[in-house]
Amino acid sequence: MILTCWSIVIGNAILAVAYGLIWSGARNFEGKRVSIVVTLAGALIWLAACSIGPIYARPEARATVMAAIAITYALLTVIELWRGGRASLYSVIQGDAVLTAFCRVLPTCIW
């Protein structure tokens with residue numbers, strides 16, 4: 001049996017780090033410095049939110065926090081790729097389309 005701490009808190013913290021790594025990869029792709037603080041900020045926000053009793057107690061509140069983290073990193077990634085000057089690359093256009101669709105669909109899955 002998996003403890004709820006592992007499945008909820010730690011699992012989603014790892015997921016938030018993964019979203020941050022996607023953003024970091026986009027910055028690296030564009031030749032920009034990667035900020036480890038910003039990469040880990042989503043996980044830190046998640047851990048802080050889980051320490052607030054009413055948020056941890058309600059699955060909808062936890063889902064909202066994780067969705068906000070995911071959407072923020074996805075939008076930051078889209079912005080990095082578009083500002084980088086390689087926006088005409090077909091792979092960048094496809095990646096931006098997928099990330100933008102993700103940002104539009106994710107909030108509908110919460111409630």
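Quickly run through the stretch 1-25 and pick out the residues that are of a type in the set (Val, Ile, Thr) and either on the phi > 0 side of the Ramachandran plot or modelled with pLDDT under 95 (or both).
Ile2, Thr4, Ile8, Val9, Ile10, Ile22
Would you mind telling me which numbered condition in (1) more than 17 Å from Ser24 (Cα to Cα); (2) at pLDDT 95 or above Trp111 fails?
(2)
Determine whether Ala63 is at pLDDT 90 or above and out of contact with any Lys or Arg (no Cβ under 9 Å at 6 or more places or on another chain).
Taking the combined requirement at face value, the residue satisfies it.
Please determine, by comparing only the residues of the stretch 23-80 that are among the polar types (S, T, N, Q) and over 14 Å from the mean Cα position of the chain (by Cα), which one is surrounded by the fewest Cβ atoms within 10 Å (Cβ to Cβ).
Ser51
Please find, among Val37, Val98, the residue that is in a helix (DSSP H, G or I), at pLDDT below 95 and not small (Gly, Ala, Ser).
Among Val37, Val98, only Val98 is in a helix (DSSP H, G or I), at pLDDT below 95 and not small (Gly, Ala, Ser).
Filter the stretch 47-83 down to the residues that are more than 26 Å from Arg27 (Cβ to Cβ), in a helix (DSSP H, G or I) and of a type in the set (D, E, K, R) and list them by number.
Result: Glu60, Arg62.
The values are calculated or read from the model by the stated rules, or taken from the named source; none is laboratory data. Just so you know, these numbers come straight off a predicted model, no measurement behind them. As a convention, Cβ positions derive from the backbone with ideal geometry for all residues, glycine included, and neighbour counts pool all protein chains shown.
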